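One structure is given below, encoded as structure tokens.
The values are calculated or read from the model by the stated rules, or taken from the named source; none is laboratory data. Being a predicted model, the structure only gives us computed values, none of them experimental. Quick reminder, even Gly has a Cβ in these numbers, built from the backbone with ideal geometry, and neighbours come from all protein chains shown. The accessibility values were calculated without ligands, DNA or RNA, using every heavy atom of the protein model including side chains. Shrake-Rupley method; radii C 1.70, N 1.55, O 1.52, S 1.80 Å.
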Amino acid sequence: MDIGKIVNDLWVESGFNQLFVHWENAVMIVVACVLLYLAIVRGFEPLLLMGIAFGMLLANLPLSGMMHMEFFSGKALSEISFSQVLHEGGILDVLYLGVKLNIYPCLIFMGIGAMTDFGPMLARPSSMILGAAAQLGIYCAFILAILFGFLPNVAAAIGIIGGADGPTAIFTASMLAPQYLGPIAIAAYSYMALIPLIQPPIMKALTTRKERETVMTQSKPVSKTTKVVFPIAVTIFCVLLLPSVAPLIGCLMLGNLFRESGVVDRLSDTSQNALLNIVTIFLSTTVGATSVGYIPKAVDALGNVTDATNVGFLSSSTLLIILLGLVAFSFSTVGGVLFGKIMYAVTGGKVNPLIGSAGVSAVPMAARVSQNVGSKYNPSNYLLMHAMGPNVAGVIGSAVAAGFFIAVGRALEWIP
Amino acid sequence: MLFLTAIEEISIPNALLLSLIGFSVVFIALISIIAVIKVIATLSQSKNAAVPAPAVSAPKSPVPAAAAAGKVPAAGSQGEIDLYTVDDQTAAMLMAIVADDLKVPLNTLRFTSIREAS
């Protein structure tokens, strides 16, 4: 018995050895630990970041067998072997099907709908325009991504990061650019967590002190009938306008109807608590698990490489996507604040431009940022409810923008 | 050419054009939703106007209602509060904001009334 060979084989087959062979996994494990630190110690969007970081950690531990990105990477939905995933895949592979089939983003939207009070937006419908203006970053990032040489489908998926809406970004990326789902999702959620750092300097740079101190008057009360009819009317209108947006808007408005109808409290409660929490665990963990440093080449039964296009997370494209995501967020904030200034001028100083930045979705964090910046300059100023209008309008706006790109993608055959 | 037959690069002018159309679609969609909201609100108001209005809307006061139901006020409650054209949820949120802003416990503050500023 050759003890030396046994020891050598044990070493060669260990995960430690694999870390030396594929250093990319080691780097990703360090990144995962940094993200865990940010989530646990710094409290950066921990509900999402913790799952993303731990999924990343699990997927990058060599030979753990929980995630096989080679089953999915660079493949259109029709090219994925579901039989292979179910027979040979690990738990994260199976859960990841919910992302690939766009089940999780829609269920998350249902929970968001059940949690969201559209009242502030219905009380001041004109604030919805700010939710549209704050989608500017989507198109700026799209053009920049094209300039950097990305294909249009990938550029569109990158642009949607500017919508500051994680589920919408995942929904769009999984349809238009599945190979970049990991970096896009991580960029979207990371910047959402960093909104309190990204937005205030832009808001201050674009507004005068007088504008920031503007006190807004109380909005009109909204009738229950309006709140109940709204989700039904919006679903009909938006889905007729852009059928591709049906899964997102449909689920968002179904959740909201659960809430506002007042006759299905149990369903509303389940949507905004239990269901949302369960789906958040599945979504965050599996999205994190897509960020694999080294992806083995896909091979057939004879061992022949069938897909040599698999690229790991650590690439120049990833860095560029993360950079473009920041540009998208910044320009969206600029769009919202600038349109807020226009509304300030048109209304004779009745609208505080700071609520424009809340149009970037990220409910309710962006609205809280408007409140915090506004109260810093006028402590008696309560902008929170006024900012919630553009904030929830931004959710609809980013879903419409995503629906537009998906519709264009289908028309121009961008969808892989 | 804007319309492509496969995934291939598009030119910057086409990307600009696509962005312009996309941005316009978002505006059109949200402006149309504003119109939908206005119609719903108008219909809702006209429906309410058709129903005879109740005499004088008495100010809501949750504490007497609770007392009438035989409930004991929570520890720290300081009496009653009159709400004028403000629902319970909004009132609770406003009180929480004020307490947070003043950095004092909510049960040490006394609100006598909350009304919508005209």
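Observations, loosely collected:
- With R₀ fixed at 35 Å, the C-beta to C-beta distance from A:Glu13 to A:Leu101 puts the FRET efficiency at about 0.55.
- Burial order of peptide ranges A:146-156, A:380-390, A:233-243, A:395-405 (average beta-carbon count within 10 Å, highest first): A:395-405, A:380-390, A:146-156, A:233-243
- The range A:3-411 - charge dipole about Cα centre, Lys and Arg +1 at Cβ, Asp and Glu -1, debye rounded to 20: 1640
- 0 to 90° range, to nearest 10: angle between helix A:91-100 axis and chain A longest Cα axis: 40
- For A:Thr116, B:Thr112, the ranking by accessible surface with the largest value first comes to B:Thr112, A:Thr116, using a 1.4 Å probe.
- The range A:175-244 shape via C-alpha gyration tensor axes, a/c threshold 1.5: oblate
- The range A:78-186: C-alpha gyration tensor shape, a/c 1.5 cut-off, then a/b vs b/c: oblate
- Couplings for the range A:56-73, taken from phi via the Karplus curve 6.51 cos²θ - 1.76 cosθ + 1.60 with θ = phi - 60°, read 4, 4, 4, 6, 9, 6, x, 6, 5, x, 7, 9, 10, 5, 5, 6, 10, 4 Hz in order; Gly and Pro are left as x.
- Built amide H within the under 5 Å cut-off of B:Ser113, gap 5+: B:Asp82
- Length available on full extension from A:Val346 to A:Phe148: 0.36 nm per residue minus the Cα-Cα distance, which gives 67.5 nm.
- Per-residue ³J(HN,Hα) for the range A:378-383, Karplus 6.51 cos²θ - 1.76 cosθ + 1.60, θ = phi - 60°, Hz, x for Gly and Pro: 8, x, 8, 9, 10, 8
- The HN-Hα couplings worked out from phi for the range A:227-244 by the Karplus form 6.51 cos²θ - 1.76 cosθ + 1.60 (θ = phi - 60°) are 5, 7, 6, 3, x, 5, 5, 5, 4, 4, 5, 5, 5, 5, 5, 9, x, 5 Hz, whole numbers, x standing for Gly and Pro.
- The label point for B:Thr42 and the one for B:Ser24, both projected 7 Å from the Cα toward the Cβ, are 2.6 nm apart.
- Accessible surface comparison of A:Arg266, A:Arg410, probe 1.4 Å, protein chains only, largest first: the order is A:Arg266, A:Arg410.
- Using alpha-carbon coordinates, inclination of helix A:365-377 to the longest axis of chain A, degrees: 50
- The three principal axes of the C-alpha atoms in the protein assembly as shown carry coordinate ranges of 95, 60, 44 Å, sorted with the longest axis first.
- FRET E, pair A:Leu197, A:Lys376, Förster distance 25 Å, beta-carbon r, rounded to 0.05: 0.95
- Computed from Cα positions, the angle between helix A:195-206 and the longest principal axis of chain A comes to roughly 40 degrees.
- Other protein chain C-beta atoms within 10 Å of residue C-beta, averaged over A:142-155: 3.
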